[in-house]
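In what follows, a single structure is set out as C-alpha cells and then discussed.
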Amino acid sequence: MNDNSAVYDYIVIGGGTSGAVVARRLAEAKENYDVCLLEAGPSEEAVFDSQIPGRNFAMMKSKYDWGYDTIPQKGCGDRILIAPRGRLLGGSSAMNGTLVCRGAKADYDRIADLGNPGWSWNDMLPFFKISETFHPADWYQADMSVHGTNGPLHTEPYFGAPISEKVLQSFIDRGYEYKPDMFAQGEFEGVGHATRTIHDGKRTTSADFLRSPEKANLNIRTQIFVDRIILEQISNTEHKPSYKAVAVESHDDVTGESFIFKARKEIILSAGAYNSPMVLMHSGIGCKKHLDEVNIECKLNLPGVGNNLLDHPITYTSYELCDRSLTFDQYVFHDADRLEYYIREWHEKKSNYLGKFPFGPFALTRIDKTIQDPVWEHAKSLCENNKQSTIDPSGQLPNQPHIEMWSTEQYFGAPHLQHTEENPIYPKKDEAAFTLITLLCGALQRGTVRLASNRPTDKPVIDHAHLSNEIDLAVLAEGCRLAHEVLMKGSGTKNIICGPWPKSASFPNDIAGWKEHVKVNSGSCFHSGGTCKMAHADDPMGVVDHRLRVRHVKNLRVADVSILPLLNSGHTQAPAYAIGEKAVHMILQDANT
C-alpha cells in the first residue's frame, strides 16, 4: 500500500441517489466538518445523456453503468435479466425513469411496526419534502401539503402525448377514482399522475445536491473504487466481537493508484443494493460460510448481508393503435436517423420529446376481489386459518396495493425482445403502438447478492429469484388481465386499439395464458433493495438497526435502499432520497449526544 492517505470527519462511499444527499447535508450542517465523498464513476457534468430525460437507455451498458446482470432466472425460462446501476455522480438517479412514486402510507407504517421506530409514513414525510422543489402546473391539482418547495431536487407533473389522456379516460370509466397527486400522498388505490425529477426539460439528480452551491468542506473524489472498509477490533465478548470502522481502502479506477482514507467520526456506506453488501463482505462482514467459500476472513458473521434481495417484477403488454398521431413513435422510431438533430435541439431549447419521459397516467389496485386462481385460493385458506394475521396470500395488508399499472407514450417492449429484420418489433412509419406496464408491488420472491471471488473489482453474483414464487406469478398475471380489461373496455381506448403489438402476437384469454404471457414478457423494474436489512435486534437476518448502524461495528452506517426490509409499493427513487435525508438527521443527533 502506497503512503497515500487523508483524514476526514465523515466519509461517504457512493455518490448515488442516497450518498450524494448524505455528503451534502453533512457538509452544510457544520462548516468545520470535513466530508469526503467517494464515487467509483466520473463527474456527471460532462455526461450529457445523464441530463437528457429521454436518453436514459443510452446510459445502460455504457461505461456509466456498472453493467451487472443476474444469473439465469428459472421463473422466466432461464433468462438473464439486466441489472443497470449508475456509475457516476448521481448514480441511478442519472439514468432511471425520473418517477417520484413514494409508495403507500402503510408501506412505511409496516416497516416501523417490524421494530424500526421512526420509519412510519408520518415520520418519513418531512424527509420526502425537504429534498424537493415542486413546480406546480395550472392543469395539475397538487396537494402542496405533501410537497417541498426549497430543496435541490426540482420536480414537476407531466402529461404528454395524446394517448395518455385516452388511457386516463379508460381508467376512470372502469371505476378507478381519479386522484391527481396520489403518488405523493401515499394512496393505495386509484389513478393519477406521477411527479417527475424533470424541470424545464432537464433531468435533476442527486448530483444537484453537490452543486447548489458547492461547499468548501465537501471533498468529492471521483473514479475512486472502494475495495474494503478497514475495521479495528475494540472488544471480543463471548457472543460477538465488536469493531470500529476506521478507514477506507481504495484505488484510483483509472491509474490503479492505492489510497487509504481515514475517518475521525463515521463512514457511511451508500453504494446501493448490489454494491453495499459487496463492500461489507469484502471487509469481512457477512455470512461466514460464504466468506469462507471465497477465502475472505470473516470478522463479523452477519448472515443477512446480501440476502433479502427485493425487486418489483414488471410485465410488458403492447398494443397497436389505429391513429399514429397519438404517440411519440414517429420521433423515436420513424425518424431515428434524425436523433443527432433532436439531441442538438434539446441542448438549444430543452423542448422536444427528449425532454420528457414518455409514461402516461399511473394506477394502483388490489386483486383480491377479482382473482380466480387455485393457487391464490389455497394460500388464502391458509391465511384464514391463521387468525392472528391480517396479511393476504401475497403478503400485503388491506391498505396496500397489489399492482401498479402505467401506460407508455411509445412502443416500450421488454429489454430482452430485440428488433431484427427477421423479427421487427419497432413500429414503421404508418404504425403506432404503446405499452401497458404492470408492476407487482409486494413480491414474495427473495434473492441474493454473492461474491464471485475475493477480488473487489469482480462483478457480484446476482440472483433475483424472479417469479420463483407461484403467488407472485398468479398476482402479476391477474394484474395484467385487469389492466388489459381497462384498455379493451374503457371508453378512452376501446375504439382506438387495433390489436396486439407486434402483430404476430396474441392476447391471452385465460389465466393460464396470462401466466405464460408474464413469463415471456416480464423483467425487472430495476428496484433492487433489502440486502442490508434494517431490523430489530431479535431478527437474525438484520444488518443495521433503526438508526442505520451496522450491528457490532461502531462508526459505520448503511444509508441507501439496501436497508429496506420491505420495498415500498411504488418506485425506489423517492425513498432513496428520503433515506439519505433521514440518515444525516440521525447522524447529527448522535453526534450531539
Pairs to check: Lys105/Lys129; Lys129/Lys350; Lys166/Lys369; Lys179/Lys369. Give those whose C-alpha atoms are more than 24 Å from each other in this structure. Lys129/Lys350; Lys166/Lys369
Looking at the square roots a ≥ b ≥ c of the eigenvalues of the Cα gyration tensor of region 47-174, which shape do they give, rounded for a/c under 1.5, prolate if a/b is larger than b/c, or oblate? rounded
When only C-alpha pairs under 8 Å and at least 6 residues apart count, what is the relative contact order of region 448-508, in percent? 16
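Which of the GluC sites (Glu not before Pro) across region 344-434 are loop residues per DSSP, with 11 or fewer other Cβ within 10 Å?
Hits after loop and neighbour filter: Glu421, Glu422.
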Taking Cα atoms, how many degrees apart are the long axis of helix 121-130 and the longest axis of the chain, rounded to 10 and kept between 0 and 90? 90
Show me the trypsin sites (Lys or Arg not before Pro) within region 255-350 that DSSP assigns to loop and that have at most 10 other Cβ atoms within 10 Å of their Cβ. none
Neighbourhood net charge (11 Å Cβ-Cβ; Lys/Arg +1, Asp/Glu -1) for Ile511: -2
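Would you rank Asp329, Asp458, Asp337 by solvent-accessible area, highest first, keeping every protein chain in place and using a 1.4 Å probe?
Asp337, Asp458, Asp329
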May I ask you to list the aspartates and glutamates whose Cα is less than 15 Å away from that of Lys74, ignoring any residue fewer than eight positions away on the same chain? Asp463, Glu470, Asp472, Glu516
Ordering of 549-558, 496-505 by packing [mean C-beta count within 10 Å, highest first]: 549-558, 496-505
Taking the structure as given and computing semi-axes √(5λ) of the Cα gyration tensor in Å, which label from (i) 62, 32, 20; (ii) 69, 29, 18; (iii) 38, 28, 23 fits? (iii)
Quick one: if the Förster radius is 35 Å, what FRET efficiency do Thr133 and Ala591 give, using the C-beta to C-beta distance and rounding to 0.05? 0.80
Under unit Cβ charges (Lys, Arg +1; Asp, Glu -1), what dipole magnitude, rounded to 20 debye, does the chain have relative to its Cα centre? 680
Which order do Phe188, Phe48 take when ranked by solvent-accessible area (1.4 Å probe, heavy atoms of all protein chains), largest first? Phe48, Phe188
Global form of region 103-194, assessed from the alpha-carbon gyration tensor, a/c cut-off 1.5: oblate
Kindly provide the Kirkwood hydrodynamic radius of region 435-593 in Å, to one decimal, from all pairs of distinct alpha carbon atoms. 18.9
Looking at the chain only, what percent of DSSP beta bridges run antiparallel? Nearest 5 please. 65
How much net charge surrounds Pro136 when only the other residues with a Cβ under 15 Å from the Cβ of Pro136 are counted, with Lys and Arg +1 and Asp and Glu -1? -4
Over what distance in Å are the Cα centres of region 25-63 and region 197-240 separated? 10
Length-normalised contact order of region 97-179 in % [C-alpha pairs under 8 Å, at least 6 apart]: 20
For Ala432, distant residues with modelled amide H under 5 Å away: Leu321
To the nearest 10 square angstrom, how much accessible area does His416 have with a 1.4 angstrom probe? 60
Amide H contacts of His199 (H built 1.01 Å from N, under 5 Å, at least 5 apart or other chain): Thr204
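Please give the peptides 368-376, 225-233, 515-523 ranked by average Cβ packing (other Cβ atoms within 10 Å per residue), highest first, as a rough proxy for protection.
515-523, 225-233, 368-376
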Region 227-314, relative contact order [Cα under 8 Å, separation at least 6], %: 22
Report, in whole Å, the centroid distance computed from the Cα atoms of region 570-593 and region 436-507. 30
Cα-projected label distance for Thr420 with Asp368, points at 7 Å along beta-carbon direction, nm: 4.6
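The values are calculated or read from the model by the stated rules, or taken from the named source; none is laboratory data. Since we're looking at a predicted model, the values are computed, not measured. Positions of Cβ are generated from backbone atoms using ideal geometry, with glycine treated the same way; all protein chains shown enter the neighbour counts. To get the accessible areas, we keep the full protein, side chains included, count just its heavy atoms, and leave off ligands, DNA and RNA. Shrake-Rupley method; radii C 1.70, N 1.55, O 1.52, S 1.80 Å.
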